[in-house]
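Undergrad: This is the structure, below, for whatever I ask next.
Each reported figure results from applying straightforward, stated rules to the coordinates on display, with no laboratory input. For clarity, every value in this text was computed on a predicted model and none was experimentally measured. Cβ coordinates were reconstructed from backbone atoms using ideal geometry, including for glycine residues, and neighbour counts include every protein chain displayed.
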């Protein structure tokens, strides 16, 4: 009797050990699956690009729960294989073969809008299964060579929309999938779909940001000061330096264009930075051009721009110095200044302001400005700068008005005036500007230069091209 009891106890013990082993195996398997889901969630939180996310998802899956996996995305052009990963034992041939083959997704996944579509689960891969999966004889031979034992394909759906499919397979590792693996794959597909959807949104944002940056850059380049045209009777030079890469084109500007009775040169500074400042800069330049073309009067140009800025209703302010010149440099230059540093007259070492400054544009509806006249003699330079130069900061503090005048003392040409200021500013600030800088300088061309120009025009074609960017010479 005792022998029977011992046998029964032994059987019960064996059953208990077997059950404990199964329970332990399931617990370990559950822990591994939770770890996989957790790692997929980490991938989603990292919010990388779509390509980075695809690679990271496949890295979590292989070889932990599959010998190989593929992710196919479904778009307007059809199904596209976007990610493949093959675990140890597969080899490069398998990688290239899976990556290059046309996906064979179940028709029901492509045809239905049901978010709960059943996975395609092949527990024991048969020759008939391989035949259904293959596209032709060559593809069938490739699939046979994989030695696939089990495979699962699950739909990837996010926000009720089919986005793709995930395929898992086991082959050379000797593993085989059961029904519980298919159930887990369905859970896994939800996490993967959500992760790819987040990455897709992130990718869309990246594309949108790139497109916005490209548009902004294109618009900014359109606002860059144009090359100065040739202005008969005058030598002219100019420079524009933006304050850093993030503000490629800011609020400072200069321009020179034909006007009624001659030419108009303007230099200005718009308050603020970024897109709003760029829009005001564009409006200022083209309003001034239009008004000058119609009247050639600096006062009318300033008044027209003032009305346009007030009409915006967004407190857009702009300072401008406008100069109307004749092609005969012996005639007076007409000057009007609105809230801008006044033009400086340079004669040898003497540097002084020519006129005063009226109200800034865009502030007062009843503002008016004074029109001043001056004759610029040969050897004199007329230099106008934006306040970015005097306000520039270096180790010694502000660049300042006094330093500006010292640097201009003794200049003999507009080009020299511009180059000297640029060099002094660069040395003072160490190359770093906090505000944009624009410089405009002009002087009557010498009688000899005017004579050479007249002779050259006698044999030149009717159109004279513009000089290089930032400098024009009469």
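Undergrad: With the crude spin-label approximation of a point 7 Å out along Cα→Cβ, what separation in nm comes out for residue 173 versus residue 118?
TA: With each label point 7 Å from Cα toward Cβ, the separation is 2.6 nm.
Undergrad: Using 1/(1 + (r/R0)^6) with R0 = 56 angstrom and r between the beta carbons of residue 393 and residue 42, what's the FRET efficiency to the nearest 0.05?
TA: 0.75
Undergrad: What order do you get for 315-328, 413-426 when each peptide is scored by the mean count of other beta carbon atoms within 10 Å, highest first?
TA: Those peptides, ordered most packed to least, come out 315-328, 413-426.
Undergrad: For the range 78-162, what does the alpha-carbon gyration tensor say about shape, rounded, prolate or oblate, given a ≥ b ≥ c as the root eigenvalues, a/c under 1.5 as rounded, and a/b over b/c as prolate?
TA: Prolate, because a/c is 1.5 or more and a/b exceeds b/c.
Undergrad: Return, ordered by residue number, the residues of the range 393-422 whose backbone nitrogen is under 20 Å from a label point located 7 Å along Cα→Cβ of residue 434.
TA: Only 393-405, 422 pass the distance filter.
Undergrad: For the range 43-199, take N as its residue count and report Rg(C-alpha) divided by 2.2 N^0.38 Å.
TA: With N residues counted in the range 43-199, Rg over 2.2 N^0.38 Å equals 0.97.
Undergrad: Taking the highest mean first, how do the peptides 168-175, 398-405, 131-138 order by number of other beta carbon atoms within 10 angstrom per residue?
TA: 168-175, 398-405, 131-138
Undergrad: Suppose each label sits 7 Å from its Cα in the direction of the beta carbon; what would the residue 282-residue 110 distance come out to in nanometres?
TA: Calculated label separation equals 4.5 nm.
Undergrad: Then there's this: Could you calculate the contour length gain from residue 77 to residue 310, that is, 0.36 nm times the residue separation minus the distance between their Cα atoms, to one decimal place in nm?
TA: Gain in length upon complete extension: 78.8 nm.
Undergrad: Show me the ranking of peptides 331-343, 65-77 by mean Cβ neighbours inside 10 Å, starting with the highest.
TA: Packing order, densest peptide first, comes out as 331-343, 65-77.
Undergrad: Under a plain spin-label model, where a point goes 7 Å from the Cα along Cα-to-Cβ, how far apart in nm are residue 140 and residue 327?
TA: 8.6 nm
Undergrad: What FRET efficiency would be calculated for the residue pair residue 230, residue 373, taking the C-beta separation as r and a Förster radius of 22 Å, to the nearest 0.05?
TA: Given R0 = 22 Å and the Cβ-Cβ separation, E is 0.35.
Undergrad: Let me check the size of the range 242-360 from its C-alpha atoms; what are the radius of gyration and Dmax in Å?
TA: 14.8, 46
Undergrad: Can you tell me how the range 29-96 classifies by the Cα gyration tensor, rounded, prolate or oblate, using a/c under 1.5 as the rounded cut?
TA: Oblate, since a/c reaches 1.5 and b/c is not below a/b.
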